[in-house]
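The values are calculated or read from the model by the stated rules, or taken from the named source; none is laboratory data. This one's a predicted model, so the numbers in the text were calculated from it and none came from an experiment. A quick note on method: Cβ atoms are made from the backbone with ideal geometry, for glycine too, and the neighbour counts reach across all protein chains shown. Protein only, heavy atoms only, side chains kept; ligands, DNA and RNA dropped before computing areas. Shrake-Rupley method; radii C 1.70, N 1.55, O 1.52, S 1.80 Å.
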Amino acid sequence: VLVAPVVALYREYHEDIAAEEERVVRYERVAGKFKQIEGQLAQIDRQISGQERGYLKGNTRSLAAAEMQEHVKRVVESNGGRLNSIQILPGKENEEDQSAPVSLKVQMTGSTETVQKVFYNLESGLPRLFLDQVYLRGRAGYQFRPGRPQADELDIRFTLQGYLPATTPQAG
């Protein structure tokens, strides 16, 4: 009567210890793979360029803005739009602050379908660009003449932003 409960308790503790030892072995196996996975991640990170991550090319804000201008021009013209103007918006006073976005103000004309294609290509492609302050106005309303079909032409204005990759400060 006294020995049976002690033996049952011993077996229960023995099973719990065996389960915990098995769990420790699994954790050690996972921890052993951590260094290997961390090394592979660092290798992949070195292989991926800033452009592939979605950042703008160029070492300065001016070069990045020029790249953005060329990209916008290609996208607008390849989708049937007409580019009226592109203006580089001033950045912060500190030109070396790479966390601030590089911004352009774009004015173009095109059809509704053109606007959809241009916006999609700008926001979904590389480098990663972000549309803001979008303004659309129909041009047909004040060009209407009786007997002529109205053209599906829009006056489109928007701000476009992109970012430079962060640089690590050099100790000196």
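Scanning region 54-85 for residues that are closer than 20 Å to SER124 by Cα, part of a helix (DSSP H, G or I) and of a type in the set (S, T, N, Q), which turns out most open to solvent (accessible area, probe 1.4 Å)? The extreme case among them is SER78. Which one of these is surrounded by fewer than 17 Cβ atoms within 10 Å (Cβ to Cβ), under 18 Å from LYS57 (Cα atoms) and modelled with pLDDT of 90 or more: SER111, SER99, SER124? Just one listed residue meets the conditions, SER124.
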